[in-house]
Structures are given as C-alpha cells and as structure tokens.
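Notes to accompany the following structure.
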Amino acid sequence: MRRFAFPLFAAAMLLLPLAPVPDFWIAQGCTIGLYSLVTLGLVLLTGVAGLTSFGQAAFVGIGAYSAAFMTVKLAASPWLALGAGIAIAVLAALVLGAITLRMSGHYLPLATIAWGLALNYTMANMDWLGKYDGLIGVPTLTLGRIDFGTGRGLYALIWAFALVAALGVQHLLDSRPGRAIRALKSGSTMAEAMGVSTFRYKLVIFVIAAVLAAVSGWLFAFFQRTVNPTPFALGKGIEYLFMAVLGGVTNVWGAFLGAAVVKLVDDQLQVLLPQLLGTSGSFETIVFGVVLVATLKYAPDGLWSFVERWLPAGRRARTWGEAPALPARGKPAAGQPLLEVQAVRKQFGGLVAVNDVSFDIQAGELVALIGPNGAGKSTTFNLITGVLGLSAGGVRLRGESVGGLPSREIAARGVSRTFQHVKMIPDMTVLENVALGGHLRGRSGSLRAMLRLDRAEERQLFAEAERQLQRIGMQDAMHEMAGNLAMGPQRLMEIARALCSDPSLLLLDEPAAGLRHKEKQALADVLRQLKAEGMSLLLVEHDMDFVMGLADRIVVMEFGTRLMVGTPAEVQASPAVRAAYLGTEH
Ligand SMILES: Nc1ncnc2c1ncn2[C@@H]1O[C@H](COP(=O)(O)OP(=O)(O)OP(=O)(O)O)[C@@H](O)[C@H]1O
C-alpha cells in the first residue's frame, strides 16, 4: 500500500468499534488482526527471504500459554506475561534457528514441521499446562484501570499491535538491513559478497517472526479466555502459510488481505457447504486446498498483486541531496602491491581445476585473466573472492593474508565484485540495488530501522548510490525496477553496486558475456574511465578482443595452469596463446 494509504487504513480499522457495527463483526476483526500478526512474520520470512516455515503456530502457542499460565496459575500481570512470552519465543527461535537456518532446499520446511510438532506435543503433554484440556479462566486484559474486555476494547488493542507491527516490518524492508534481508531470497553468494552475514539476518527475521506470532498468541489468550493445544497444531501453521500465500506473501498488506479473506470465506463455507451437500464435515478444507493450488498457478504473487495495480505508483522522494558523504577507505598509492595470488590450487575430487597459479596486481592496474572455456578462470576468481576455499596456496591483499576468509570478510577488506550471471534483486529499484553495495559502510540495525531512526544514514547511503550511478552514467535509471533493465545496464548496475562499497580492488567476472556490440563498447568506456580515476581492476574474461584495448597486463590460463603473463601485445603475439584458443597443440 502506498504511503498515504496507511493512515487511512489504520484510522478505518481503529475507529471501526466506534461505529454501530454488530459484535460479531468485532469478533471477526479481532481474529483477522490476530492472524495478520502471524502472517506478517511469514511475509518477512517466507515472502521476502524465501525461508518457508510451517511452524509459526507453535510460537503463537508459546505466547498464549505464557499469558494463560502466568495470569491463571501465578496471578501475574498480563504485561509481565507478554515480556515472558516474548523472551521464551526469542530464546526458542534463537535455538531452533541456530540449528535449522543453515539448512537449505526442502530441509528447512521439513525442520519447521518437526519443531512445530515437537513444540505442540510439549504443550499438550505437560501436566502444569493442563495437557489437552489446557488452561481455563484467563482473566480479561487490563492496563491500570482500563479493562480491554473481549469485545471492542480488545479489538482496538489487537489492531494497534497489528498496525504498529505492519509499520515496523514495512520500515525494516525499506532500510539497510531490509535490503540485506531482501537479498537472501536469491541465495547467499551475492549478499555475502556485499558484506552481509546472511545467517545473522536469517536469524534476525526468524526471531522477529517468532515474536510477532507470540504477541498474537498472547492477545489470543485474552480474546478466547482459555488456551488448549489445538489452535497451535501443525494444521494451523499450514493455514497461516496459506493465508500469507493467498494474500501475497511478498507484501505487508498481503498479510492482512490473506488473513481477512481466509477468515471471512472460511466462516461462510462452514455454513454453506454442509447445507449444499446435505451432510456435515470440514469441507472448507478441501475448497481451500483447491484455492491454494489455483493461487500458486494463476496468481503466484497473491491477491494483493491485483489490488496493487489500482494504486498509484510511488517514487522515492529524493531527500538525500544535502547528505554528507560516507567516510572513504584509504587507498594504496599507484604502483603499490595490492593483490598477490600465490600458487593457488583448487581440486574438485580428482580434477585439479586451478593448478598452482600465481600473479599479482598493483594499485591502479587493470589486469585481465583470460583463457578458453574450462581453463579455470572462474574458479581462480572464486578463490580470490572467498566463494571457494583454497586447496593450497595463498592470497594476500595489501600484504595481509586473506586466503580462506569467507567472502564477506574479504569484501570488508576492500574487494568488491560482480557476477558472471548478474545477481540482483529484480523487484527493488536500481538505486536500492546499488545501495546494497554500501552495506558495510552503514551501521543501522534492524531495531533502529523499524523505529525509523536510521534516516540520516539512509540518506548518506542513497547519496552514495546515486553518485556511483552518475559515475557510470546510469543516474537516469535509478528509479527503474532492476528486473526491467536490459542485460547491458544490469551489468553496469552491478559495477555501480560494487563501487558503492568503496573498494580498493574491483573484480569483474566476465562482464562482457552476453552483451551486444554497443553494450560492450559502453562497458569498455566505463572501465577505461574507472582506470583513469585510479581504480584497480581484475577482469576475468573469455572474450580476448574485449580486453586487448583495456588491460595493462594479461594473465592467460589453460587447463588450470598459468600459460603466460604479459602485455596485450605480448599475449597477442604468443603462438602458445593462439594455439590454446584455437585448441591446437603448442
Ligand atoms: N564446483 C565444481 N565441481 C567440480 N568441477 C568444477 C566445479 N567448478 C568448476 N569445475 C571444473 O573446473 C574446471 C575449470 O572451470 P572454470 O569454470 O573455472 O573455468 P572457466 O575458465 O571459468 O570457464 P568458462 O569460460 O567456461 O566459464 C572445469 O573443468 C570445470 O568443469
């Protein structure tokens, strides 16, 4: 929902109890608000970061049982119970997340099913939690003299929580940590190369989603006034995911829409279907199953995508005009040793992909690494950038050994890179994609972002991103969605993103691959200009002609070994290089 629409929506939802609407509507509204809190967490977790969780209902249970146990058994303050519920949910999320979030593919969803079941059975088998009967007699929620009751007062509180949470999640997504979170979906390689600790951010959003679910559970206990294990079972976890997918799992407002549609349609179907079929049963589950399959096939972005089409497109206001520049890294003087690649080796089983290759780069130099297909160029590139571990040898950057460090540590030391197959966040603007490159130059964390205390730093990051886009002549495209760009501009955008980290060394992996002649020329101009500005570059390239007019020195590889190092003229004159490219003996 565009910025102006939020206050309208919030006012409408919060003022509803003042209108003469039936109590039934209010009760429905309470449930929708409670569901929305949980699905908001799923938007972050599943929609934005691509981490599928079936287990959120268990965190709802943690919040609900904390409320019921502390108020019924210990006669404690409900607000103390909120603190306890959140603390337990955070602890559980940290432990479960630490164990499961490193899993990928289908292992993570399976793990969420496992812990969803385990937590639910734990609740159902504890004597002190009332086993399957649960805990009854939960008092109404009070704050000082205010009694929220179970009707309009509680409705207002539930929606206040839901709206504040929505605003927090929306703020988070539009921030430095938010860009890192949005990068998680396309795998960890690009995000790590920008200096993002992908595991840390996965854990952060896992904890946030758990807290939102626990708050929903805490409110649910005072709404229902009784707590038992059934609403926190695996089936409900699946239903939450269904709501998020149906509404639009990538969008904060999809969470609300999905929760509302499922709740309202479910109620109608429960009445209508038995009447139509002349027999009782949970037939609505079958209908929802069919709807889910149809949604995944025909509206994978959920119902919200249809609503969004009717909303005016917003463009980020350019508020960073006066922002002070970010601090810059001290660069080595031209001619100083910058990168030393010392006899690096990489073995994949029996295959030696890179065999004791050595070369160096001095500050201000443009060195190209070329060779025929399968020569080992990309592997060498990945060894330098920390994507692959070394089997032997060493890499030194400005005299410091960086061989074996993870790629984000190498990025932190001033090496930035682009990718052979462009890696970007297609549904983010060019400017935001480039600002991700400045991740390590900012400090704002998730809490600051949610509270909107990060704006000064955000302005600095956007000013820097715009400066880098200007540098490569792409400032006019900054508000475009990155996914709409042609291949040439996408590759230039990746260069701007790498420059945004203020690197000492820029590594480009086959930047000319797949480009048309004109695009290649534009790229060559940009690289020439960067070199003239004093940037040090390593270019891995398959296209020999492309590098001839650009490079100071060329390293030629063949069959994993270094064939020669020389100036473009020397390389061009070498019969061995010609033979390597033509595939003949030499
Ligand atoms: N992860 C891997 N596991 C096994 N073998 C690999 C792996 N990555 C690369 N190789 C092999 O290592 C050799 C070198 O591959 P590499 O991709 O580094 O070559 P390249 O010079 O970059 O080639 P291209 O120009 O085709 O990208 C190839 O034989 C390749 O099949």
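Of note:
- Of all residues in segment 364-379 being part of a strand (DSSP E or B) and touching a Leu at 6+ places or on another chain (Cβ under 8 Å), the one that is farthest from the ligand (Cβ to nearest atom): 366
- The residue list 523, 451 contains one member that is crowded, with 21+ Cβ neighbours inside 10 Å and more than 16 Å from the ligand (Cβ to nearest atom), which is 523.
- Of the residues contained in segment 331-349, one or more are found to be within 16 Å of the ligand (Cβ to nearest atom), touching a residue at least 12 places away in the same chain (Cβ under 8 Å) and either hydrophobic (A, V, I, L, M, F, W, C) or touching a His at 6+ places or on another chain (Cβ under 6 Å) (or both).
- Evaluation of residue 473 against the conditions (1) part of a loop (DSSP other than H, G, I, E, B); (2) surrounded by 18 or more Cβ atoms within 10 Å (Cβ to Cβ) shows that the sole unmet condition is (2).
- Residue in segment 335-349 that is in contact with a helix residue (DSSP H, G or I) (Cβ under 6 Å, 6 or more places away or on another chain) and either farther than 25 Å from residue 495 by Cα or modelled with pLDDT of 95 or more (or both) present: yes
- Hits in segment 380-413 (condition: assigned to a helix (DSSP H, G or I), out of contact with any Gly (no Cβ under 8 Å at 6 or more places or on another chain) and of a type in the set (S, T, N, Q)): 380, 382, 385
- Residues that are under 15 Å from residue 245 (Cβ atoms), out of contact with any Phe, Trp or Tyr (no Cβ under 9 Å at 6 or more places or on another chain), surrounded by 12 or more Cβ atoms within 10 Å (Cβ to Cβ) and without any contact (Cβ under 8 Å) to a residue 40 or more places away in the chain within segment 260-318 comprise 300, 306, listed in sequence order.
- Those residues of segment 546-561 which are more than 15 Å from the ligand (Cβ to nearest atom) and either surrounded by 22 or more Cβ atoms within 10 Å (Cβ to Cβ) or over 28 Å from residue 331 (Cβ atoms) (or both), in sequence order: 551
- Of all residues in segment 20-47, those satisfying the criterion of being among the hydrophobic types (A, V, I, L, M, F, W, C) and touching a residue at least 60 places away in the same chain (Cβ under 8 Å) are 26, 27, 30, 32, 34, 37, 38, 40, 42, 43, 44, 45.
The values are calculated or read from the model by the stated rules, or taken from the named source; none is laboratory data. What you see is a predicted model, and the numbers here were worked out from it, not measured in a lab. Heads up, the Cβs are rebuilt from the backbone with ideal geometry, glycines too, and the neighbour counts pull from every protein chain shown.
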